[in-house]
1. Restricting to segment 88-129, what's the tally of residues that are within 15 Å of LEU33 (Cα to Cα), surrounded by 15 or more Cβ atoms within 10 Å (Cβ to Cβ) and more than 14 Å from the chain's Cα centre (by Cα)?
2. Looking at SER85 and the list (1) under 14 Å from the mean Cα position of the chain (by Cα); (2) surrounded by fewer than 17 Cβ atoms within 10 Å (Cβ to Cβ); (3) over 25 Å from LYS48 (Cβ atoms), which single condition is not satisfied?
3. I need every pair where a residue in segment 13-35 that is under 14 Å from ALA75 (Cα atoms) has its Cβ under 7 Å from the Cβ of a residue that is surrounded by fewer than 13 Cβ atoms within 10 Å (Cβ to Cβ) and modelled with pLDDT under 85, sequence separation at least 6 or different chains.
4. State which residue pairs qualify: first residue more than 21 Å from VAL113 (Cβ to Cβ) and inside segment 57-76, second residue at pLDDT 95 or above and assigned to a strand (DSSP E or B) in any location, beta carbons under 7 Å apart, and separation of 6 or more residues or different chains.
5. Which members of segment 44-68 meet the condition of being crowded, with 16+ Cβ neighbours inside 10 Å and under 16 Å from GLY28 (Cβ atoms)?
Amino acid sequence: MNLLAPALVALLAGVPAPSDYVRLARPGDRIPLDAETSFVYGFTKAPKLGTATLRVEILRRDGTRDTSFTVRGDADMPSMRGAHSTGSKAFSVSSKGVYLLPVNLVMPGDWEVRLTFERGGKTLLRGAYLFDI
């Protein structure tokens with residue numbers, strides 16, 4: 001199999017390649033999006049087989065939540081890229097202003113969640129979080 005094929009398919013489909021994503025700081029750390037906002041992410045419970053919920057809070061400098069972003073997530077196993085991909089899905093926003101995304105983890109091993117943060121039609125950050133179950 002040609003190793004360039006997945007990257008070429010992603011490029012032709014308009015999907016960012018895995019190399020377009022920066023590795024995110026660990027869950028719970030505050031990560032800047034721009035001069036005025038940052039975010040904190042993490043699973044609501046330690047991820048295990050089944051459905052795990054990824055939680056993102058976008059915070060302004062004053063600590064209030066910002067819901068003006070579109071946040072998308074895609075989960076996959078890097079060692080088997082494409083075999084268990086969830087596809088890019090938009091996070092829903094709770095009544096408390098928290099972005100939530102259910103992630104279906106179908107087998108043990110290495111996993112990656114890729115997050116995309118957009119506002120006003122512009123992508124501010126593409127980041128990836130790697131973890132094992």
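1. Summing the residues that are within 15 Å of LEU33 (Cα to Cα), surrounded by 15 or more Cβ atoms within 10 Å (Cβ to Cβ) and more than 14 Å from the chain's Cα centre (by Cα) in segment 88-129 gives 1.
2. The one condition SER85 does not meet is (3).
3. What qualifies is ALA17/LEU11.
4. ARG60/THR37; SER68/ARG119
5. PRO47, ALA52, LEU54, ARG55, VAL56, GLU57, ILE58, LEU59
The values are calculated or read from the model by the stated rules, or taken from the named source; none is laboratory data. Bear in mind the structure is a predicted one, so any value in this text is a computation, not a measurement. Cβ atoms come from the backbone with ideal geometry, glycine included; neighbour counts cover every protein chain shown.
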